[in-house]
1. For a quick check of your reading of the filter: which GluC sites (Glu not before Pro) in the range 139-208 sit in a DSSP loop and have no more than 11 other Cβ atoms within 10 Å?
2. Not counting ligands, DNA or RNA, and with a 1.4 Å probe, what is Cys130's accessible surface area in Å² rounded to the nearest 10?
3. Which shape class, rounded, prolate or oblate, goes with the range 37-182 when its Cα gyration tensor gives a ≥ b ≥ c as root eigenvalues, a/c under 1.5 marks rounded, and past that a/b bigger than b/c marks prolate?
4. Taking the range 50-84, which chymotrypsin sites (Phe, Trp or Tyr not before Pro) meet the DSSP loop condition and have no more than 10 other C-beta atoms within 10 Å?
5. Just by accessible area at a 1.4 angstrom probe, what is the order of Arg46, Arg155 from largest to smallest?
6. Distance from the Cα centre of the range 231-302 to that of the range 89-160, in angstrom?
7. Put +1 on the Cβ of each Lys and Arg and -1 on the Cβ of each Asp and Glu in the chain; which of Ala115, Pro364, Ala144 then has its Cα farthest toward the positive end of the dipole?
8. Can you give the Rg and Dmax of the chain based on its C-alpha atoms, in angstrom?
Amino acid sequence: MLDTTILLEHMSDAVVALDKDFVFLEANGRAALLYRRPVKSLIGMRLVDLFPEFEGTGALEQLRKVRAGRVPARLEVFIPSLFAWHAILAVPHAEALVLFARDVSDRVRREGDEAVRAAVRKVIETMPLCVTITRGPQHRIEQANRMARALVGSRQVEGELVERVLPEAREQGFIALLDGVYASGEPYHGEEVELRWKPEPQAEERLACFDLIYQPIFGGAGSVEGILHLGTDVTEKVQRRQLVEQYASERQAVLEQLEEGVILTDSQGRITFVNQAAERMHGVKLLGVGPDDYTAAYSLLTDDCRPHPPELLPLARAVREHVSVTDAVWKIRRSDATILRVRGNAKPVFSDGRLVACVLTLSPYP
């Protein structure tokens, strides 16, 4: 007849027998290794004394059901005190409950890591910016999301070198940037970086601007193993700004040619523009001045040569009261001590019902 003691001692699983109160009756050598206690100290100990975290858990309830229902069951439990996952086969036997257990932490964590990687990959795939992950000093593409692939005609690029997928990258300095990040471990941040490339070999060249981040990825040893590439296409924003700048430049060129003085403010009344005619009349050009400081900054006087109350100035009223002021008369004490009498008009400028600027025009008045 087989000696069950020898059989149990040579099993790869930990085997323990528990009584109706989950007190250890027997345990093999593998159980001592799995539970990190000598067999002698296990015998007579309750399961919940060995692992207090079992109390009130679903795992303990399942063991009770196995004992009551006389039907074997499999379960996997995490044991915080051991920081380990155990796979358990619970088998009812006479008045005892026999547990066959083994450590499956590596498998569970590996599956968890794979699940996390799959979830991260899914998030990266749908992010509203170009995301690429490269590995190694040659910058081999491990993952590129749909927006990154769209730059090269939605081709499959994983496993390829960046330089092969985007030949223009080297001549435009991007490979040198990646080499620097990989070698130094320091991230790179670039704003409105221009990229010229062909999505396909026979396609027309495209030009776009990107805000770029090259973030090093460190391995377990602390060395750089790869780079996370984040690129936000800001081409439309750049084009809009360039149009605004072009319009502002053209507007300024026109206003500078006027013989009439012109002063512009923002919505808060801060002076943003003074044309040459207005500068000649005042003898000074100061930007950023707010309504409370108009009088002092530009030496403004009432028609009877007293310091002009700031709140009554035409431009200040346009800013604060949102009213148009016409044919107002005041005087300017210039830096050469001469006094110039002027007449002017101030008007608020609205867009979609919101104040966006104010304009003052003035000219010498006898």
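1. Values: sites: Glu142, Glu158, Glu160, Glu163, Glu168, Glu171, Glu191, Glu192, Glu194, Glu204, Glu205; in loops: Glu158, Glu160, Glu204, Glu205.
Within the range 139-208, the qualifying GluC sites (Glu not before Pro) (loop, at most 11 other Cβ atoms within 10 Å) are Glu204, Glu205.
2. 20
3. Values: a/c = 4.66, a/b = 3.24, b/c = 1.44.
Prolate, since a/c reaches 1.5 and a/b exceeds b/c.
4. Taking the range 50-84 and a limit of 10 other Cβ atoms within 10 Å, the loop chymotrypsin sites (Phe, Trp or Tyr not before Pro) found are Phe83.
5. On the way: Arg46 100, Arg155 80 Å².
Listed by decreasing accessible area, they come as Arg46, Arg155.
6. Value for the Cα centre distance between the two parts: 56 Å.
7. Highest projection toward the positive end goes to Ala115.
8. Cα only, the chain: 39.4, 130 Å (Rg, Dmax).
The values are calculated or read from the model by the stated rules, or taken from the named source; none is laboratory data. Keep in mind it's a predicted model, so treat the numbers as computed, not measured. Quick reminder, even Gly has a Cβ in these numbers, built from the backbone with ideal geometry, and neighbours come from all protein chains shown. Only protein heavy atoms, including side chains, enter the accessible area calculation; ligands, DNA and RNA are left aside. Shrake-Rupley method; radii C 1.70, N 1.55, O 1.52, S 1.80 Å.
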